[in-house]
Amino acid sequence: MIKAAIFDMDGLLIDSEPMWHQAAHEVMQKVNFKLTEELKLQTTGLSIKLFLDFCHKIQPWNTPSFEELEKEILEKAHTLILNNAIAMPGAIELLKTLKAEGLKLAVASASHMELIEGVLERLGITDFFDTWHSGELEEFTKPHPAVYLTTAKKLGVKPEECIAFEDSHAGLRSAHAAGMVTISVPAAEVFKDPKFDMAHYKISSLEKYILGEMSGVPQSVVEE
């Protein structure tokens, strides 16, 4: 029986991925690293630490340090998101529906707690959630399952009693490894990528989610 719904934040509840990419693009110019469209797709959903590690393996640099670059990306992205981010289609309506059904709700994000709380406040949805948790507080963040396992523990439910909503492959792997019913909501440009087929359900928008039909553990189902 499903007792809780756990949501990723960036690219899932809010349209923030372009702002993360903009911040990363501007900062990475300091080390002459070009963030291509392909690399953007490959790194979506990763923490900044994992993003920088990914880039460094492709084109190493000595200075600035990872810590300096991470701090600058964070500052730029946080400013852009908190000033401009809007809810993804269907997000607020879905929160209302699931809350009315009596489910516990939570956010499990790779972003820092400061940004999670700022976004919830900006969108006026803080009161919908019973808790929220950041992968930055774990030893390992997404795609490791720790952030989801801790979030379920904070909610007082078992992982298998949760549905998890994710837009990125890293996040999907995290929720899947935690043993939750996974709902993948990939961006349009990667919707048909077979790597998202590991989800129990794949939908093109949160507007497509139907609790009564998408809360079990069937074979993968694609809803265009």
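The values are calculated or read from the model by the stated rules, or taken from the named source; none is laboratory data. Keep in mind that what you see is a predicted model, and the values were worked out from it rather than measured. Neighbour counts run over all protein chains shown; Cβ positions are idealised from the backbone, glycine included. Heads up: the accessible areas ignore ligands, DNA and RNA and are worked out on the full protein's heavy atoms, side chains in. Shrake-Rupley method; radii C 1.70, N 1.55, O 1.52, S 1.80 Å.
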- Note on the structure: Given all pairs of distinct Cα atoms, the range 122-224 yields a Kirkwood Rh in Å of 14.2 Å
- Item | Distance histogram in 10 Å bins (all Cα pairs of the range 1-87, percent per bin) | 16, 48, 25, 8, 3, 0
- Task: First compute the accessible area of the range 129-224 with a 1.4 Å probe, then give the percent of it belonging to carbon and sulfur atoms.
- Result: 51 percent
- Rounded to the nearest 10 degrees, the helix 17-28 long axis (Cα) sits at an angle to the longest Cα principal axis of the chain of 20 degrees
- Can you give the charge dipole size of the range 134-201 about its Cα centre, rounded to the nearest 20 debye, using +1 on the beta carbon of Lys and Arg and -1 on the beta carbon of Asp and Glu? 140 debye
- Could you work out how far helix 91-100 tilts from the main Cα principal axis of the chain, as a 0 to 90 degree angle to the nearest 10? 30 degrees
- Message: Restricting to lysines 8 or more places apart or on different chains, can you count the pairs in the range 1-75 with Cα atoms under 23 Å from each other?
- Response: 13
- Residues of the chain: accessible area per residue with a 1.4 Å probe, Å²: 48 Å²
- Could you tell me how many degrees, from 0 to 90 and to the nearest 10, lie between the Cα long axis of helix 146-155 and the main elongation axis, the longest principal axis, of the Cα atoms of the chain? 40 degrees
- Message: Give me Rg/Rg_expected for the chain, where Rg uses Cα atoms only and Rg_expected = 2.2 N^0.38 Å with N residues.
- Response: 0.98
- Message: How large are Rg and Dmax for the range 42-85 when calculated on the C-alpha trace, in angstrom?
- Response: 11.6, 33
- Determine the sum of side-chain charges near Val190: Lys and Arg each +1, Asp and Glu each -1, restricted to other residues whose C-beta is under 13 angstrom from that of Val190. -4
- Task: Could you check what % of the DSSP bridge pairs in the chain are antiparallel, to the nearest 5?
- Result: 5 percent
